[in-house]
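Worksheet: one structure, shown below.
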Number of protein chains: 2
Amino acid sequence: MPHPAREEIRLEGVLHALSDPLRLRIVRELAAEGVELSCSYFDLPVTKSTTTHHFRVLRENGVIRQVYEGTAKMNGLRRVDLDALFPGLLDSLLAAAAHQAARHDEP
Amino acid sequence: MPHPAREEIRLEGVLHALSDPLRLRIVRELAAEGVELSCSYFDLPVTKSTTTHHFRVLRENGVIRQVYEGTAKMNGLRRVDLDALFPGLLDSLLAAAAHQAARHDEP
């Protein structure tokens with residue numbers, strides 16, 4: 001599975017990846033858990049192929065790293081890369097997402 | 001021209017609006033100038049109708065406010081609304097964009 005190198009990650013791509021409610025939710029859960037999680041950990045209200053699509057968009061834009069462990073695809077937030085490229089941005093985005101969720105009483 | 005009310009502005013929409021290089025550039029210039037600017041102020045390398053489209057996406061997602069002054073369409077950043085909804089986010093995004101531009105020697 002191809003991943004962009006750190007220096008290939010673009011802000012516009014990261015923002016595109018996070019501009020979808022389900023992808024934003026995936027990133028929030030990865031940040032909250034702080035560990036790699038399998039795709040099946042996420043109970044998303046969409047088909048398996050749509051779930052796969054969302055994870056691919058996150059990977060191709062440099063937001064997550066996907067690795068196989070046996071047959072499970074594990075997903076980890078590229079926090080070190082993102083923090084190095086855009087200091088403070090990820091935390092700011094996560095805080096904004098938490099703010100919005102609290103305001104609208106969403107998960 | 002319809003604008004979302006403050007409470008209708010969604011983080012996902014703001015991120016979508018900023019996920020395009022030209023729209024990100026428009027927002028950076030509005031933030032840097034700190035005043036309302038006409039569409040014709042921006043010298044974008046695209047057609048007039050594409051320019052109009054980009055401004056509409058920014059308006060519909062609550063990032064800018066557009067008002068007519070005579071025949072000129074003036075554009076202002078909705079900083080007060082965005083800062084109230086997502087404290088610190090806009091500055092963090094602007095800093096990330098400036099960081100990236102400096103790194104890649106872009107405008």
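None of the figures in this text is laboratory data; all of them are computed from the coordinates on show. The model shown is predicted, which means the values in this text are computed figures rather than measured ones. Positions of Cβ are backbone-derived with ideal geometry, glycine not excepted, and every protein chain shown enters the neighbour counts.
Take every pair of alpha-carbon atoms less than 8 Å apart whose residues are at least six positions apart; their mean separation over the length of chain A yields a relative contact order of 31 percent. Amide H contacts of A:I64 (H built 1.01 Å from N, in plane; Pro and chain starts excluded): A:R59, A:R78 sit under 5 Å, all sequence-distant by 5 or more or on other chains. Note on A:S40/B:A101: beta-carbon distance plugged into 1/(1 + (r/R0)^6) with R0 of 45 Å gives a FRET efficiency of 0.70. Take A:E8, push a point 7 Å out from Cα through the beta-carbon direction, and compare it with the same point in every other copy: 4.0 nm, smallest first. Each copy carries a label point for B:G88 at 7 Å from Cα toward Cβ; from one copy, the others' points are 0.8 nm away, ordered from shortest. Counting only residues at least eight positions apart within a chain, or on another chain, the lysines with an alpha carbon under 19 Å from that of A:K48 are A:K73. Shown for A:V67: label points 7 Å from Cα along the beta-carbon vector, and their distances to the equivalent points in the other copies, 5.5 nm in ascending order.
For region B:62-107, rounded, prolate or oblate, judged on the Cα gyration tensor with a ≥ b ≥ c (square roots of eigenvalues), a/c < 1.5 rounded, else prolate if a/b > b/c? Show your work: numbers first, answer last.
Numbers: a/c = 5.46, a/b = 1.43, b/c = 3.81.
Verdict is oblate for region B:62-107.
Across all C-alpha atoms in the protein assembly as shown, the radius of gyration and Dmax reach 18.0, 65 Å. Once you reduce region B:73-88 and region A:1-28 to the center of their Cα atoms, the two points are 24 Å from each other.
I'm a student and want to see the number: the projected area of the Cα convex hull of region B:6-99, averaged over all directions, in nm².
Numbers: hull surface 23.5 nm².
Value for region B:6-99: 5.9 nm².
Each of B:S40, B:S49 has some number of other Cβ atoms within 10 Å of its Cβ, and from fewest to most they run B:S49, B:S40.
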